[in-house]
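*Asks:* This is the structure I have questions about; it appears just below.
The values are calculated or read from the model by the stated rules, or taken from the named source; none is laboratory data. Source: prediction; values computed, not measured. Note: ideal-geometry Cβ built from the backbone for every residue, glycine included; neighbour counts use all protein chains shown. Surface accessibility is based on the protein's heavy atoms, side chains included, excluding ligands, DNA and RNA. Shrake-Rupley method; radii C 1.70, N 1.55, O 1.52, S 1.80 Å.
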Amino acid sequence: MNKEALIEKYFSHQLSDAEFNQLKKWIEEDELFKNEFYQQLEIQKIISEANHSQIKERLKRLDKKPKKKNTWYLYAASVTFLIVLGFLLYKPQQELQEIYVENFEVYPNVINIATRSGLENKNDASEAFQYYEKELYHEAVLAFDQAYKNHPEDYLLFYKGVSLLAQQKTNEGIKVLHSYDWEKNQSEFTAVANWYLGLAYIKQEQLSLAKLHLQKVMASENHLQIQAQNLLKELD
């Protein structure tokens, strides 16, 4: 599928898992495609949030050749118009940080180490979760890292990523959560990993990437589905 068709499918909410991953890859690796995608995103926000009739009327007025004495008025009107559009297109930094704080909380420990088969060194994993539950996230990261090296289970990597986000180490958390292919491996943590990636990108003010991951959560059958849907509405 070509890039233009992929963008069109994104905005019509028809992307498959494979197409979603391809779109994310192109955004990360192709600067020209990234810019084109952002431009389309801005256009969509104007269409969805601005009053069509008012914009059309305003543009008509700006297109009219003004009399010399009224030049300053049209200039001021056009500047005001662009400022209004700016507020529609971009959420203030403070608001994004507030949205992040309101929605971020560490994921509960849902792993019973005693019942997990094939874990060679259960003591390492058990110690990591003890640190995690005590909110000792620095120690938890080190322990999860060691446990994952001994036995690479996806949930150890997931909780390591969340522990980093809990320490405000957003870049490192994103890197860890991106280091595993949750969809391809059909991990039970696929939806929640996308949820935390979405939140992390909100904190980083990268709304297009945040929405990509939140849409994945919304399309899942995870309990976070409704939260992701509400958060996407809040970001629009």
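*Asks:* Let me make sure I get this right: for the range 145-190, a, b and c are the square roots of the gyration tensor eigenvalues over alpha carbons, sorted descending. Under 1.5 in a/c it's rounded, otherwise prolate if a/b > b/c, else oblate. Which is it? If you can, show how the numbers build up before the last one.
*Replies:* Numbers: a/c = 2.15, a/b = 1.32, b/c = 1.64.
In terms of gyration-tensor shape, oblate.
*Asks:* Can I ask one more? How much of the accessible area of the range 99-223, probe 1.4 Å, is carbon plus sulfur, in whole percent? It would help to have the intermediate numbers written out before the result.
*Replies:* Values: 2600 of 5970 Å².
Answer for the range 99-223: carbon and sulfur cover 43 percent of the accessible area.
*Asks:* Could you tally the net charge around ASN222, taking each other residue with its Cβ under 12 Å from the Cβ of ASN222, Lys/Arg +1 and Asp/Glu -1? Intermediate values should be presented prior to the final figure.
*Replies:* Values: positive: LYS216; negative: GLU188, GLU221.
Result for the neighbourhood of ASN222: -1.
*Asks:* If you don't mind, another one. Say each of GLN22 and GLU95 gets a label point 7 Å from the Cα, pointing the same way as Cα to Cβ; how far apart are those two points in nm?
*Replies:* That separation, rounded to one decimal, is 3.5 nm.
*Asks:* Would you mind computing, in nm to one decimal, how far apart the modelled labels at SER220 and LYS9 are, each placed 7 Å from Cα along Cα→Cβ?
*Replies:* A separation of 2.1 nm, rounded to one decimal place.
*Asks:* Right, something else. What does the extension gain come out to for ASN150 and LYS34, with contour length at 0.36 nm per residue minus their alpha carbon separation?
*Replies:* Going from the current span to full extension adds 38.0 nm.
*Asks:* Taking 0.36 nm per residue of sequence separation and subtracting the Cα-Cα distance, how much length would be gained by fully extending the chain between ILE113 and SER179, in nm to one decimal?
*Replies:* Computed gain between ILE113 and SER179 is 21.5 nm.
*Asks:* Count the net charge of all other residues whose Cβ sits under 11 Å from the Cβ of GLY198, scoring Lys and Arg as +1 and Asp and Glu as -1.
*Replies:* With Lys, Arg at +1 and Asp, Glu at -1, the net is +3.
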